[in-house]
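Right, one structure below, let's go through it.
The values are calculated or read from the model by the stated rules, or taken from the named source; none is laboratory data. Please read all numbers here as calculations on a predicted model, not as lab measurements. Please note: Cβ atoms are built from the backbone with ideal geometry, for glycine as well, and neighbour counts cover all protein chains shown.
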Amino acid sequence: MRFLLAALTLFLTLSSVFNWDPGPAPGVKIKNFLLYLLVSGLVFSYAVGRRFKIQLPAINTAFVMLIGYSILTYLAIVLFIDYPRYDVLRSALDLKNRMVDFLVFFLVFFYGVRSEKDAVFVLKCLLLSWIVSHAVAVLDALGYVQIGDIERRGDGRVQGAVGESNQYGAFVALTLPAVVAMAVAVKGWWRWFWIAGAVLTACTLLMTVSRGAFVATLFAVVFGAYLFRRYLSAGKLLRWGVLTGGALLAIVVMVSIGFGDLLYERVIGQFSTKDLSGTSSGRTEIWSTAIAVMFEHPLTLLTGFGWNSYWVMPFRYSPHNYYLSQWFNLGLPGLICSVLLLVIPVRTALQSFAAAPTHMRALLAGFVVSTLAFASATFFVDLYGPWIYFWAYTGVTMRLALIARETVSEPVVVDRPAVATQRPDPYGWIGAVRH
């Protein structure tokens, strides 16, 4: 099963980064075939004998509620509301691709691995595919290669296969803590390989010049240090702080050779302006306009306008905020479920961290920081493609979290001194008091 998951990761990368997926027919891709082959295999294995037990029911429940409410609002639009310019077929496909497939990816990567060895193997394959995608984006930005649909933006910022610079920056913010955690978890010369991958990822993050991703990464590191404060001594914090600061300084100097002016203009120049709209690149105006439309129809503050309805409104720009998009389309039910789907995995990893073996703790901590960075970055951008990678990553890590719990819950056999056997005593003489 783990090799099928690795193959799925490979073809997902080939499709998104290199724009190559030699499916047997137009619209039929190998990655989709592998995905549903894995689903069929899991269903068959549990149907013929393996005992099935629902694990992490909170995540499954939140997903089912989110998908169910999305379908309900979609049917309400199609059958009753009938928005002008609402593309019924396109919205149905978006619901399948952006809701159902996310759940399927989580379930496949969660139930597809059963042991720690399999989970770590699949996790390494997943992280390696991310590093490869970043390498391609950097090489393309520097003009060495031209692969797939990746192109450098007109303003000089690097963008990747999963979206424009801000979306790609959020994806890189997800990647960086995970790769650093893998570098800490492994030993031997492999550690240098993952350190090199972390350096490449940090360079890519700077080259996206996404201020939202910068803020999200910094917030995730600080908040992550607070969450794990019981396990961090002052000396360890100082040592890691000096090493990280020195590495970041070297990376900034290296990247600034080609991106110094752009970094200064976007980070220093725009933050120094007194205009909030200019500082946020117009996001505050976009957000206030969308919220004002909701207040014109107060019921939508609770229910939302319905699945994929934002794009039929007379808005000029995308919402640039994942949470606002969920609230506008799906109301409070969609917003609450979306937030829970980020909070529950983090809480699960934190609860398993204390029980996990030393070599597994780094991977769980990396997931917590990565999810915090990803959740923070999505406050400044509306994402599409990177969610598939996130839910694959979540599925594998949640399996590691449960393995850590099961390891602790196993009964411990305590060696006790052997008790000497006694000969039969039918008359009760043994131990009797002598007078």
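Scan the stretch 176-193 for residues that are out of contact with any Gly (no Cβ under 9 Å at 6 or more places or on another chain) and buried (at least 20 other Cβ atoms within 10 Å of the Cβ) and jot them down. Don't jump to the end; show me each part of the working.
Within the stretch 176-193, the subset out of contact with any Gly (no Cβ under 9 Å at 6 or more places or on another chain) is 176, 186-193.
LEU176 - this is the single residue of the stretch 176-193 that is out of contact with any Gly (no Cβ under 9 Å at 6 or more places or on another chain) and buried (at least 20 other Cβ atoms within 10 Å of the Cβ).
So which of GLY306, GLY278 is of a type in the set (Gly, Ala, Ser), at pLDDT below 55 and either surrounded by 13 or more Cβ atoms within 10 Å (Cβ to Cβ) or closer than 25 Å to CYS337 by Cβ (or both)? So that I can check it myself, show each step before the final result.
Working: GLY306 fails: at pLDDT below 55.
Unique residue meeting the criteria: GLY278.
Answer yes or no: is there a residue in the stretch 281-295 that is closer than 19 Å to PHE80 by Cβ, in contact with a Lys or Arg (Cβ under 9 Å, 6 or more places away or on another chain) and part of a loop (DSSP other than H, G, I, E, B). Before you say what the answer is, go through the steps one by one.
Initial filter on the stretch 281-295 (closer than 19 Å to PHE80 by Cβ): none.
No, there is no match, as no residue in the stretch 281-295 is closer than 19 Å to PHE80 by Cβ, in contact with a Lys or Arg (Cβ under 9 Å, 6 or more places away or on another chain) and part of a loop (DSSP other than H, G, I, E, B).
What about ARG316, is it assigned to a loop (DSSP other than H, G, I, E, B) and out of contact with any helix residue (DSSP H, G or I) (no Cβ under 7 Å at 6 or more places or on another chain)?
Values: assigned to a loop (DSSP other than H, G, I, E, B): yes; out of contact with any helix residue (DSSP H, G or I) (no Cβ under 7 Å at 6 or more places or on another chain): yes.
Yes: the conditions hold for ARG316.
Specify the residue that is modelled with the lowest pLDDT; the eligible residues are those in the stretch 27-41 that are buried (at least 18 other Cβ atoms within 10 Å of the Cβ) and aliphatic (A, V, I, L, M).
Going residue by residue through the stretch 27-41, those that are buried (at least 18 other Cβ atoms within 10 Å of the Cβ) are 29-31, 34-35, 38.
Retained after the next criterion (residues that are aliphatic (A, V, I, L, M)): 30, 34-35, 38.
Working: ILE30: 81, LEU34: 85, LEU35: 85, LEU38: 89.
Checking each candidate, the answer is ILE30.
Would you check if ARG347 is charged (D, E, K, R) and part of a helix (DSSP H, G or I)?
Details: charged (D, E, K, R): yes; part of a helix (DSSP H, G or I): yes.
Taking the combined requirement at face value, the residue satisfies it.
Do we find that PHE52 is aromatic (Phe, Trp, Tyr) and in a helix (DSSP H, G or I) in this structure? Please lay out each step first, then the result.
Working: aromatic (Phe, Trp, Tyr): yes; in a helix (DSSP H, G or I): no.
The answer is no for PHE52.
Can you name the residue in the stretch 313-367 that is at pLDDT 90 or above and of a type in the set (Ser, Thr, Tyr) and is also surrounded by the fewest Cβ atoms within 10 Å (Cβ to Cβ) among such residues?
TYR323
Any idea which of (1) over 30 Å from PHE328 (Cα atoms); (2) surrounded by fewer than 16 Cβ atoms within 10 Å (Cβ to Cβ); (3) at pLDDT 90 or above is the one LEU89 doesn't satisfy?
(1)
Answer yes or no: is there a residue in the stretch 404-425 that is of a type outside the set (S, T, N, Q), at pLDDT 95 or above, in a helix (DSSP H, G or I) and in contact with a Pro (Cβ under 9 Å, 6 or more places away or on another chain).
As a first pass, look at the stretch 404-425 and keep what is of a type outside the set (S, T, N, Q): 404-406, 408, 410-420, 423-425.
Those left that are additionally at pLDDT 95 or above: none.
No, the conditions are met nowhere in the stretch 404-425.
Can you name the residue in the stretch 281-297 that is buried (at least 16 other Cβ atoms within 10 Å of the Cβ) and either under 19 Å from VAL209 (Cα atoms) or among the charged types (D, E, K, R) (or both) and, of all such residues, is modelled with the highest pLDDT?
Among those residues, the one meeting the criterion is ARG283.
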